[in-house]
Amino acid sequence: MPQRRFPIILLSVATTCGTLAAKPPSARAMNLDAHACQTEARIITLPAAPLTKSLHTFSKLTACPIMVDPDLLHDERTPAISGRYTPDDALTRLLAPTDLDATRTLDGFALQPTTRIPATQAPLP
């Protein structure tokens, strides 16, 4: 049985228009921005906002593209964050109330559904 391929969008810094950019998966190999995805801690301040807007702003601030299946982006909201964070830590905080996890890629991040392991029942006394 063939596997289903999901469409992927790439949230990135659009150098010319500053908008949410929808790119094919092959866009990963392209130079999306003159700046590399940052890895060091820096001051990041983001207001509480809809998930898509927060991810776009995060990507713009950190120069880290985010690959995600658009079907995973629901009407969820992200919390406000303010402080000194690495991009990994900031994204983890943004995604905390969602059912998404981030994985570091060569040039940014990929989002996927959270894999939850069911809690085992405690043995009865």
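For residue 90, only one of the following conditions fails: (1) in contact with a strand residue (DSSP E or B) (Cβ under 6 Å, 6 or more places away or on another chain); (2) closer than 18 Å to residue 38 by Cβ; (3) at pLDDT below 95; (4) not aromatic (Phe, Trp, Tyr). What is its number?
In the conditions (1) in contact with a strand residue (DSSP E or B) (Cβ under 6 Å, 6 or more places away or on another chain); (2) closer than 18 Å to residue 38 by Cβ; (3) at pLDDT below 95; (4) not aromatic (Phe, Trp, Tyr), residue 90 misses (3) alone.
Looking at segment 48-88, which of its residues are crowded, with 20+ Cβ neighbours inside 10 Å, among the polar types (S, T, N, Q) and farther than 14 Å from residue 99 by Cα?
Of everything in segment 48-88, those that are crowded, with 20+ Cβ neighbours inside 10 Å, among the polar types (S, T, N, Q) and farther than 14 Å from residue 99 by Cα turn out to be 54, 59, 62.
Does residue 98 satisfy the condition of being modelled with pLDDT under 90 and part of a loop (DSSP other than H, G, I, E, B)?
When the stated conditions are applied, residue 98 does not pass them.
Considering only segment 54-87, state which residues are under 16 Å from residue 114 (Cβ atoms) and part of a helix (DSSP H, G or I).
55, 71, 72
Is there a residue being assigned to a strand (DSSP E or B), modelled with pLDDT of 85 or more and not hydroxyl-bearing (Ser, Thr, Tyr) anywhere in segment 10-32?
No; the residues of segment 10-32 include none that is assigned to a strand (DSSP E or B), modelled with pLDDT of 85 or more and not hydroxyl-bearing (Ser, Thr, Tyr).
The values are calculated or read from the model by the stated rules, or taken from the named source; none is laboratory data. Note that this is a predicted model, so its numbers are computed, not measured. Quick reminder, even Gly has a Cβ in these numbers, built from the backbone with ideal geometry, and neighbours come from all protein chains shown.
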